[in-house]
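Have a look at the structure below before the remarks.
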Amino acid sequence: MSFKDIHFMKIAIKEAIIALKNNEIPIGAVITYNNFVIAKTHNLTESLNNSTAHAEILAINIASNFLGKKIRKCVMYITLEPCLMCIGAILCSRIEKIVFGASNTKGFLLNKIKLHTKIIFVSGIMKNKCESLIQDFFLSKRIKYKKNI
Ligand SMILES: [Zn+2]
């Protein structure tokens with residue numbers, strides 16, 4: 001765990017908090033190139049009414065607009081372990097390094113997938129903060145749901 005990883009994860013967490021304020025699932029993503037932030041965004045599935053508008057996909061699109069295929073030299077910071085769709089997009093983009101905070105509740109998906117690329121995965125950066133964001137969100141949804149019954 002490096003200072004740099006924590007610094008950029010804090011920016012991803014700020015993005016997740018913006019998502020939360022907009023009633024989106026609080027997941028944020030940041031992409032850096034040579035230690036400069038070139039994309040920072042968050043989950044927008046509700047706002048865009050598009051189930052594929054995950055933070056990672058949106059961040060890859062933004063970064064690709066700037067860098068094209070140079071995106072492979074980037075690092076992506078995500079508050080939550082990527083889902084299967086986003087892992088696919090990450091593999092296609094060939095981003096070299098992925099850093100994430102909380103692990104997916106369905107288990108460490110990345111361990112189950114045999115990767116044929118040399119992507120570096122770093123997990124557990126600011127894990128507690130990333131986990132509590134997502135857990136609190138779903139807890140509040142469950143409470144609201146029960147109140148409506
Ligand atoms: Zn995803």
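Read-outs: derived from the displayed coordinates by stated rules, not from any lab. Everything numeric here is computed off the predicted structure, so don't read it as measured data. Here the Cβ is made from the backbone with ideal geometry for all residues, glycine too, and neighbour counts use every protein chain on show.
Some notes on this structure:
- Charge tally in the Cβ shell below 14 Å around Ile11, where Lys, Arg are +1 and Asp, Glu are -1, Ile11 excluded: +3
- For Val122, the residues 5 or more places off, or on other chains, whose built amide H falls under 5 Å of its own are Ile98, Val99, Phe100.
- Of Ser123, Ser51, Ser64, the residue with the greatest mean-square motion in the GNM of the chain, using alpha carbon springs below 10 Å, is Ser51.
- Annotation: the residues Ile6, Ile31, Ile57, Ile134, sorted from fewest to most other C-beta atoms within 10 Å of their own C-beta, follow the order Ile6, Ile134, Ile57, Ile31.
- Within-10-Å neighbourhood charge of Thr41 [Cβ basis; K, R +1; D, E -1]: -1
- When His54, His7, His42 are arranged by Cβ crowding within 10 Å, least crowded first, meaning fewest neighbours, the order is His7, His54, His42.
- Largest mean-square fluctuation among Ile27, Ile18, Ile78, in a Gaussian network model of the chain whose springs join Cα atoms under 10 Å apart, belongs to Ile18.
- Of the DSSP H helices in the chain, those whose Cα atoms cover at least 15 Å axially and whose Kyte score averages -0.5 or more: 3-21, 55-67
- Once C-alpha pairs closer than 8 Å and six or more residues apart are averaged by separation and normalised to the residue number of the chain, the relative contact order reads 21 percent.
- Between Val99, Val37, Val75, the Gaussian network model of the chain with springs among Cα atoms under 10 angstrom shows the greatest mean-square fluctuation at Val37.
- Each of Met126, Met76 has some number of other Cβ atoms within 10 Å of its Cβ, and from fewest to most they run Met126, Met76.
- 22 Å Cα-Cα threshold exceeded, pairs from Lys14/Lys69; Lys40/Lys127; Lys97/Lys127; Lys14/Lys144; Lys21/Lys97; Lys14/Lys73: Lys14/Lys69; Lys14/Lys144; Lys21/Lys97; Lys14/Lys73
- Under 5 Å from the amide H of Thr79 lie the amide H atoms of Gly28, Gly101, each residue being 5 or more positions distant or on a separate chain, with H modelled from the backbone and absent for Pro and chain starts.
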